[in-house]
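In what follows, a single structure is set out as structure tokens and then discussed.
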Amino acid sequence: FKAGFDSGDPAQCDTFSGDIGLGVLHGASGIRGVQARTSLVPYLSFENERLFARIDTFGVKTLPLGAGHLELLGQVRSDGYKGGGWSARKDPVPLGLGTLQITPVGAFGVNVLHDFGASGGTLVQARYLAELPLGRVTLYPELGLERQSSGYTHYYLGTTAADAAAAGRAYQPGAALNPYVGGLIELPVSGPWVLNLYLRRVFTDHNLANSPLAGHGHRDTALLALAWRY
């Protein structure tokens, strides 16, 4: 987040700036019967010349494009699962193109990713980020929308033969549009140390919510991290 806004300053393209630390990630599963995961993860949000990390998105800037760059990027996602009585699914391997446009009214991002993992599906993402200083605290609210292709949804929320037997019915969802809201709360602690809390709620498309594998109509993620600011 912070690194994304800093990237609008050309003077920072030749130096390292951003946050590096360690965090605790808690992610609820969107699959019925599958437990939420809590894990210790690295926290990376930085710019280093053309390389960047934005929490779950990593890549390299290529050609200048508008108020940003054309980016080659990949994401870390935990859509895979095991348990609940369902056939196991592997995590995706999304790679593709994107851009983050830094404007006076906020940042606008668009990504197009192909899953080179088991689903072979496609993800199209659009989001808006703002920066709101509130005294010592800075808030970065986020609004977004993700389109998942039918190949992607078939793999993660469609039923295999074993799933259909366990659920009592077969189901194959179509393409899905999942809106989400999120935000990062940034609090300086002492010197270069910063505490970051990131929260996100994804609202499940009805095509996915109708699957016998689906749990709640939403999926929540929380990340609490202590980072060193460079």
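The values are calculated or read from the model by the stated rules, or taken from the named source; none is laboratory data. Since the model is a prediction, treat every value here as computed from it, not as a measurement. Cβ atoms come from the backbone with ideal geometry, glycine included; neighbour counts cover every protein chain shown. Protein only, heavy atoms only, side chains kept; ligands, DNA and RNA dropped before computing areas. Shrake-Rupley method; radii C 1.70, N 1.55, O 1.52, S 1.80 Å.
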- Message: Please list, in order along segment 193-206, the HN-Hα scalar couplings obtained from phi with the Karplus expression 6.51 cos²θ - 1.76 cosθ + 1.60 (θ = phi - 60°), rounded to whole Hz, x for Gly and Pro.
- Response: 7, 9, 9, 10, 10, 10, 10, 8, 10, 9, 9, 6, 4, 4
- Note on the structure: With x for Gly and Pro, the residue-by-residue ³J(HN,Hα) of segment 140-148, computed from phi through the Karplus equation 6.51 cos²θ - 1.76 cosθ + 1.60 at θ = phi - 60° and given in whole Hz, is 10, x, 9, 10, x, 8, 10, 9, 9
- Within the set G191, G98, G151, GNM on the chain using Cα springs under 10 Å gives the largest fluctuation to G191
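Given 0.36 nm per residue, what is the gain on full extension from H218 to I20 after removing their alpha carbon distance, in nm? Don't skip to the answer; put the middle values down first.
Numbers: separation 198, 0.36 × 198 = 71.28 nm, distance 2.95 nm.
Here the answer is 68.3 nm.
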- Message: Accessible area per residue for the chain in Å², computed with a 1.4 Å probe and the full protein assembly in place, what is it?
- Response: 49 Å²
- Find the percent of Cα-Cα distances in segment 115-230 that exceed 24 Å, and round it to a whole number. 43 percent
- Note on the structure: Here the FRET efficiency for A166 versus F58, based on Cβ atoms and R0 = 30 Å and rounded to 0.05, is 0.25
- Which whole-number value in Å³ per residue fits the convex hull of the alpha carbons of segment 66-132? 98 Å³
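In Å, the Kirkwood hydrodynamic radius of the chain over pairs of distinct alpha carbons?
Working: mean 1/r = 0.0538 Å⁻¹.
Here the Kirkwood hydrodynamic radius works out to 18.6 Å.
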- Message: With a cut-off of 8 Å between alpha carbons and a minimum separation of six or more residues, what is the relative contact order of the chain in percent?
- Response: 19 percent
- If you build a Gaussian network model of the chain, linking Cα atoms that sit under 10 Å apart, which residue out of L197, L123, L65 swings the most? L65
- Message: Are there any GluC sites (Glu not before Pro) in segment 40-92 that are in a DSSP loop and have at most 10 other Cβ atoms within 10 Å? List them by number.
- Response: none
- Message: Can you tell me the length gained on complete extension of the stretch E131 to L70, counting 0.36 nm per residue apart and subtracting the Cα distance?
- Response: 19.7 nm
- Two decimals is fine: what is log10 I(q)/I(0) at q = 0.09, 0.11, 0.14, 0.22 Å⁻¹ for segment 9-138, from a Debye sum with one equal scatterer on every Cα and no solvent? -0.34, -0.50, -0.79, -1.42
- Query: Based on the Cβ-Cβ distance from K82 to I185, what FRET efficiency comes out when R0 is 30 Å, to the nearest 0.05?
  - Reply: 0.40
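Given a 1.4 angstrom probe, I'd like the percentage of the accessible area of the chain that is carbon and sulfur, rounded to a whole number.
On the way: 7280 of 11160 Å².
Roughly 65 percent, rounded to a whole number.
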